[in-house]
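Visitor: After the structure tokens below, expect a handful of questions from me.
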Amino acid sequence: MPPDLFDNLSPLKQPDASAPVQEQLDWLRQEIRKHDYLYYVKDRPAISDGEYDRLFKCLSDLEAAHPELITDDSPTQRVGAPPLAALGKVTHERPMLSLDSIVNQADVLAFDQRMKRELEHQQIEYTVEPKFDGLSIELVYERGRLVRGSTRGDGTTGEDVTINLRTIRSLPLHLRNDAFPPERLAVRGEVYMKLDDFQGLNRAMTERGDEAFANPRNAAAGSLRQLDSNIAAARPLVVTCYEIMALSTEPPDSHWSELDALAEWGLPIPIPSHRRRCQTIEEVIAFHREIEQVRDNLPYEIDGLVVKVNRRDLQEQLGFKSRSPRWAIAFKFVPRKEITVVQNIVVSVGRTGTLTPVALLRPVEVGGVTISRATLHNADEVARKDIRAGDTVKVERAGDVIPAIAERIPVPGEARPAPFAMPGQCPVCGSAVGREGAYYYCTGQLGCSAQLKGAIEHFASKQALNIDGLGKKTIAQLVEHHLVGSLADLYRLTRDRLLPLEGFAEKSTALLLDAIAQSKTVSLDRFLLGLGIRQVGQHIAKVLTKEFGTLDAIMNADDARLLTVKEIGPEISSSLVSYFREAANRRAIAQLRELGMAIVEQAGPAPPESLPLAGKIFVFTGGLDLFSRDDAKALVERLGGTISSSVSKRTSFVVAGHDPGSKLDQAQKLGIAVLTEEAFSELVKKETAG
Ligand code: IVH
């Protein structure tokens, strides 16, 4: 190991106030960089948070007094870049290749044989390090300064994510001066999120009503590809570097010394206990086994180890195939599977009455997560996998996806109960069960408390009536205490009825009642959506609103009339007709109206040419922070514009929120104007005012 230069900490706690300002600034920046490195990379802080904060404040104050001396590699400059309209493109120093991967020991042995044969060596030294399950990036440092960072993209060109990478505290904005950084360095690394941080982020997102990320990898990718670096800054990203891609001086002669060099310049590399230099392939296999055993205790996800021929000259001799180096291989871990027992199969009832079989499992830990339930989807699936109560099964969790039963493991001589059968009566309300193909459903409608709860949840949801504070738990209480037996009952709730419920204090009661009262004024499309009519989602609700303008017109439309509408087919029309034919549904709507529900109907389309956005076609991609998607779309429509779901030459604007999808690429390809959410907001504000 090279000596740790950062151990030479200054005994001083503040700069020498009599020195020239530039010297004080240099001293402070160097000192803060050291402590960042010790804290974020070495996990070995040398000063208290308070002392660090004082240094940082000292630097900020000095910079505020001398703004002309601020440099972009100062520790104070990690955030604050203005949001981008789109991420720029970067061509990599050289193609960012991928790795061939293997899982079996036999394949590793074959890899070793191949290396020995091609190099005509008896013995080869390997470096083994984690295969981080994150997002591959390239970083470029010029004269010690971080000048650019980009995603891998297609391997040749990626996206410029410099402003977001700059917010990652473990990533130095400046290499260590005392380690003589090269004139130019391009390095490859991986950006990822630690499991704890990922879970914390998801918790916060769901509390805010945002959709949670499926796994740490997606969370890291979504955070890194933000247009607004303030969002990235709030996301707990980390980075590890593992490969020099370009260097202005003679490169180190082995992968191992390459990692050491990176560390000396202050870059984060895999920690010592997670990498090893192995003299034989048997040592590689043993290390793989060792790490696989502790894999679930690691603070981050790894999906295997990367085995690299250590010596650079040998790497060069081996060279590359089209997409991967010959001298390295990903030695993956087998997917996480555990064996457990199905204790019972129960049936859950969803919002529309669908019955779903669910396996209750003897709790088992799969990849650090305890699993006690797994969905069996539908009756056909249960029959196909032949799962019965008491069976021994293999459960699987790949990445962070929902657990599933992979297969049943037959146990010789076991006595099994009769095959699982769907119940003839709803397990919640006892109503008869109907059937359509593999799907079974409860016919009890809102008389079934499971369906009632689901219907209220849907009615109150963001896209529909948007009643804040009416979540799953509250709804369950309202239904179970018989305070709400229909949608209309929501508008009959009073303070006196709510207060005795668990978790209801004066304030929360007042807030909920207020939110319910506010929801009484609602646009027709939201109201239609909220009714939860089968086949009528957000889009169809809008189509109906546009076509018919009033609720009565929709309620009275027959099949023939509905089928004249372009986007409405026989399934939707028959669902609508049968819904509105039902006396109970008509009564429910009448009751809502009697209780003061004001459905804002559309009197028919306004003459389009008179509106400011007439003729303009908007496409949205990515998540919005200032508006809900629906509100943004409603604004455009109100101003005469139209919304399309795909980008074409006719598109006028693409509005790119955070984590934009391929629509953004398409817009750039076609040269269509791209608006950030802020720019969009300005535009509509201006048009609304004008
Ligand atoms: S070496 C030419 N080392 O795994 C060298 N890759 O397809 C190529 N990865 O997306 C990469 N940890 O981003 C290397 N320690 C590591 C790695 C690593 C993760 C990723 C890499 C790539 C994928 C392989």
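Visitor: With every protein chain kept in the model, how would you rank Arg78, Arg497, Arg492 by accessible area, 1.4 Å probe, largest at the top?
Guide: Numbers: Arg78 25, Arg497 120, Arg492 95 Å².
I get Arg497, Arg492, Arg78, largest accessible area first.
Visitor: Can you give the extra length, in nm with one decimal, that the chain gains between Glu567 and Thr354 once fully stretched, where that is 0.36 nm per residue apart less the Cα-Cα distance?
Guide: Values: separation 213, 0.36 × 213 = 76.68 nm, distance 2.56 nm.
Taking Glu567 through Thr354 to full extension adds about 74.1 nm, to one decimal.
Visitor: Need one number: % antiparallel among DSSP beta bridges in the chain, to the nearest 5. Present the calculation step by step, with values, prior to reporting the outcome.
Guide: Numbers: 74 of 89 bridges.
If I count the DSSP bridges inside the chain, around 85 percent turn out antiparallel.
Visitor: While we're on this one: Cα-based Rg (one decimal) and Dmax (whole number) for segment 7-157, in Å?
Guide: Both quantities, over Cα of segment 7-157: 22.7, 68 Å.
Visitor: What is the sum of charges, Lys and Arg at +1 and Asp and Glu at -1, for the other residues whose Cβ falls under 15 Å from the Cβ of Ala17?
Guide: Working: positive: Lys13, Arg54, Lys57; negative: Asp16, Glu23, Asp26, Glu31, Asp61.
Net local charge, Ala17 excluded: -2.
Visitor: Run the Debye formula on the Cα coordinates of segment 330-462, all scatterers equal and no solvent, and tell me log10 I(q)/I(0) at q = 0.14 1/Å.
Guide: One equal scatterer on each Cα of segment 330-462 leads to -0.72.
Visitor: Express in whole angstrom the spacing between the alpha-carbon centres of segment 89-145 and segment 575-605.
Guide: Distance between centres, Cα-based: 63 Å.
Visitor: Using a 10 Å Cβ count of at most 14 others and DSSP loop calls, identify the longest part of the chain lacking such GluC sites (Glu not before Pro). Write down the numbers at each step before the final one.
Guide: Values: sites that count: Glu120, Glu183, Glu211, Glu414, Glu502, Glu567, Glu582.
Result, exposed sites excluded: 212-413.
Visitor: Please list, in order, the residues from segment 170-209 whose amide nitrogen is less than 19 Å from a point placed 7 Å along the Cα→Cβ vector of Gln77.
Guide: Label zone hits: 170-178, 181-185.
Visitor: With just the Cα atoms defining each centre, how far is segment 201-239 from segment 400-460? Give it in Å.
Guide: Result: 34 Å between the Cα centres.
Visitor: Considering amide H positions built from the backbone, and no H for Pro or chain starts, which residues 5 or more places from Ala46, or on another chain, come under 5 Å of its amide H?
Guide: Residues meeting the amide H criterion: none.
Visitor: For Val147, what accessible area in Å² do you get when you roll a 1.4 Å probe over the heavy atoms of the protein chains, rounding to the nearest 10?
Guide: Around 60 Å² of this residue is reachable by solvent.
Visitor: Right, here's the next one. Is there a pair in Lys542/Lys663; Lys89/Lys616; Lys394/Lys473; Lys34/Lys89 whose C-alpha atoms are over 25 Å apart, and which pairs would that be? If you can, show how the numbers build up before the last one.
Guide: On the way: Lys542/Lys663 23 Å; Lys89/Lys616 28 Å; Lys394/Lys473 32 Å; Lys34/Lys89 32 Å.
Where the Cα-Cα span goes over 25 Å, the pairs concerned are Lys89/Lys616; Lys394/Lys473; Lys34/Lys89.
Visitor: Sticking with this one: Can you list residues whose amide H is under 5 Å from Leu675's amide H, if they're 5+ apart or on another chain and H is modeled 1.01 Å from N?
Guide: Those qualifying (amide H under 5 Å, at least 5 residues apart or on another chain) are Val654, Val655, Ala656.
Visitor: Could you tell me what percent of the accessible area of the chain is made up of carbon and sulfur, with a 1.4 Å probe and every protein chain present? Don't skip to the end; give the middle numbers.
Guide: Values: 16900 of 33480 Å².
C and S fraction of accessible area: 50 percent.
Visitor: Ok, one more. Measuring with a 1.4 Å probe in the full set of protein chains, what accessible area per residue, in whole Å², belongs to segment 631-690? Write down the numbers at each step before the final one.
Guide: Working: 3100 Å² over 60 residues.
About 52 Å² of surface per residue is accessible.
Visitor: Any chance you could run the full-extension gain for Ser575 through Ser101? It's 0.36 nm times the residue separation minus the Cα-Cα distance, nm to one decimal.
Guide: On the way: separation 474, 0.36 × 474 = 170.64 nm, distance 4.99 nm.
Net length gain for the segment: 165.6 nm.
Visitor: State in Å² the accessible area per residue of segment 217-322; use a 1.4 Å probe, count heavy atoms of protein chains only, and round to the nearest integer. Before the final figure, lay out the partial values.
Guide: Details: 4190 Å² over 106 residues.
Result: 40 Å² of accessible area for each residue.
Visitor: Separate question: Sort Tyr300, Tyr40 by heavy-atom solvent-accessible area, probe 1.4 angstrom, most to least. Write out the running numbers ahead of the final one.
Guide: Values: Tyr300 20, Tyr40 90 Å².
In descending accessible area the options line up as Tyr40, Tyr300.
Visitor: Where does the chain land at 222 nm, in deg cm²/dmol rounded to the nearest 500, when only DSSP H runs of n ≥ 4 count, each adding -39500 (n - 2.57), divided by all residues? Kindly include the intermediate steps, with their values, before the conclusion.
Guide: On the way: 24 runs with 239 residues, N = 690.
Taken over the chain, the calculation gives -10000 deg cm²/dmol.
Visitor: Quick one: length gained pulling Asp558 to Arg650 fully straight, 0.36 nm per residue minus the C-alpha distance?
Guide: Details: separation 92, 0.36 × 92 = 33.12 nm, distance 3.50 nm.
Length gained, Asp558 through Arg650: 29.6 nm.
Visitor: Estimate the FRET efficiency between Gln477 and Glu68 by the formula 1/(1 + (r/R0)^6), using the beta-carbon distance for r and 45 Å for R0, to the nearest 0.05. Don't jump to the answer; show the numbers that get you there.
Guide: On the way: r = 61 Å, r/R0 = 1.36.
For R0 = 45 Å, the calculated efficiency reads 0.15.
Visitor: Something else now. Can you pull the one-decimal nm distance between simple spin-label points at Glu414 and Ala85, each 7 Å off the Cα toward Cβ?
Guide: Label-label distance for Glu414 and Ala85, simple model: 6.2 nm.
Visitor: Quick one: order His658, His539 from most to least accessible surface, probe 1.4 Å. Don't jump to the answer; show the numbers that get you there.
Guide: On the way: His658 40, His539 105 Å².
Reading off the accessible areas and sorting them downward yields His539, His658.
Visitor: For a Förster distance of 35 Å, can you work out the FRET efficiency between the beta-carbons of His539 and Ser324, rounded to the nearest 0.05? Before the final figure, lay out each step's value.
Guide: Numbers: r = 43 Å, r/R0 = 1.23.
Plugging the Cβ-Cβ distance into 1/(1 + (r/R0)^6) gives 0.20.
Visitor: Could you tell me the center-to-center distance, by alpha carbons, between segment 284-330 and segment 548-570 in angstrom?
Guide: Centre-to-centre distance over Cα atoms comes out at 61 Å.
Visitor: Near Gly615, within a Cβ-to-Cβ distance under 12 Å, what is the net charge of the other residues, with Lys and Arg +1 and Asp and Glu -1?
Guide: Working: positive: Lys616, Arg650; negative: Glu609.
After counting each charged neighbour, the total is +1.
Visitor: While we're here: Measuring from label point to label point, each 7 Å out along Cα→Cβ, what is the Ala432 to Gln602 span in nm?
Guide: It works out to 4.0 nm between the two label points.
Visitor: Could you work out how far apart the two model spin labels at Ala234 and Lys42 are, taking each label as a point 7 Å from the Cα in the direction of the beta carbon, and quote it in nm?
Guide: Those two pseudo-labels are separated by 3.3 nm.
Visitor: Further question on the same structure: Keeping all protein chains in position, work out how much accessible area Lys685 exposes to a 1.4 Å probe, and write it in Å² to the nearest 10.
Guide: Number for this one is 120 Å².
Visitor: Considering only protein heavy atoms, what per residue accessible area in square angstrom results for segment 386-478 with a 1.4 angstrom probe? Walk me through the intermediate numbers first.
Guide: Numbers: 4620 Å² over 93 residues.
Ligands and nucleic acids excluded, the result is 50 Å² per residue.
The values are calculated or read from the model by the stated rules, or taken from the named source; none is laboratory data. As the structure is a computational prediction, the values presented were derived from the model and not from experiment. Cβ atoms come from the backbone with ideal geometry, glycine included; neighbour counts cover every protein chain shown. With ligands, DNA and RNA removed, areas are computed over all heavy atoms of the protein, side chains included. Shrake-Rupley method; radii C 1.70, N 1.55, O 1.52, S 1.80 Å.
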